[in-house]
Amino acid sequence: MRKLDRTDFFIIVVVILLLSVMAVPLYIKDQVAYRKETCLTNMRKIVWAKQKLATTNNRDKGSDCTMKDLVPEYLPEELKCPSGAKPYIVNPIGKNPVCPNQLNGKAKGHALSSN
């Protein structure tokens, strides 16, 4: 087996760099998609907890609701968006929670469909 010369080494480095250039954007895209799905799942959990709170305590649609009303009885902890770790805006019962990162434009698509 022959030794690697400078040209062979250069070719290996270029191939590794090209593979990295192709892989990094895919990784970033996957991370963005993961954060969005986690955010939507968290908001669905908040909707479920608000419905459970309303049913258990005979609260009407439009009644005020905060995260303190939901934690720890209906949610194990205060849920936060993974794209910035800010707590959600819970909103009154019957209205979907809002991701603060959706409001400030940091995270697109972090919104549940309207009720």
**OP:** Work out from phi, with θ = phi - 60° and the Karplus expression 6.51 cos²θ - 1.76 cosθ + 1.60, the ³J(HN,Hα) of each residue of the range 20-35, listed in order in whole Hz, and give x for Gly and Pro.
**Re:** 5, 4, 7, 7, 4, x, 5, 4, 4, 4, 5, 5, 5, 5, 4, 4
Original post:
Can you give the net charge of the other residues whose Cβ lies under 13 Å from the Cβ of residue 50, counting K and R as +1 and D and E as -1?
Top reply: +3
**OP:** Quick one: what are the phi-derived ³J(HN,Hα) couplings along the range 4-10, Karplus 6.51/-1.76/1.60 with θ = phi - 60°, whole Hz, x for glycine and proline?
**Re:** 7, 9, 4, 5, 4, 4, 4
Subject >> Label selected from (1) 0.92; (2) 1.35; (3) 0.97, the criterion being Rg/Rh (Cα atoms, Kirkwood Rh) as computed here >> reply: (2)
**OP:** Using Cα centres only, tell me the gap between the range 50-71 and the range 1-42 in whole Å.
**Re:** 46 Å
Original post:
With the dipole of the range 6-103 worked out from charges on the C-beta (+1 for Lys and Arg, -1 for Asp and Glu) around the Cα centre, which of 46, 57, 15 lies farthest toward the positive end?
Top reply: 57
Original post:
Once amide H atoms are built 1.01 Å from N in the peptide plane, which residues 5 or more positions from residue 63, or in another chain, come under 5 Å H to H?
Top reply: 93
**OP:** Sort the following peptides by mean Cβ neighbour count (other Cβ atoms within 10 Å, averaged over residues), highest first: 50-57, 37-44.
**Re:** 37-44, 50-57
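Would you mind putting 79-90, 20-31 in packing order, based on average other-beta-carbon counts within 10 Å, highest first? Working shown, then result.
Values: 79-90: 17.8, 20-31: 9.7.
The peptides rank, most packed first, as 79-90, 20-31.
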**OP:** Enumerate the calculated ³J(HN,Hα) couplings along the range 90-104 in order (Karplus 6.51 cos²θ - 1.76 cosθ + 1.60, θ = phi - 60°), each rounded to whole Hz, writing x wherever the residue is Gly or Pro.
**Re:** 5, 6, x, 4, x, 10, 5, x, 10, 7, x, 6, 5, 5, 8
Original post:
When 8, 69 are ordered from fewest to most other Cβ atoms inside 10 Å of their Cβ, what list results?
Top reply: 8, 69
Original post:
Leaving out same-chain residues fewer than 8 places away, which lysines sit with a Cα under 26 Å from that of residue 68?
Top reply: 36, 45, 50, 52, 80, 86, 95, 106
Original post:
Amide H neighbours of residue 96 under 5 Å, counting only residues 5+ apart in sequence or on other chains, H built in-plane at 1.01 Å?
Top reply: 115
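FYI, it's all coordinate maths here, none of it is from the lab. This is a predicted model, so every value here is computed, not measured. Neighbour counts run over all protein chains shown; Cβ positions are idealised from the backbone, glycine included.
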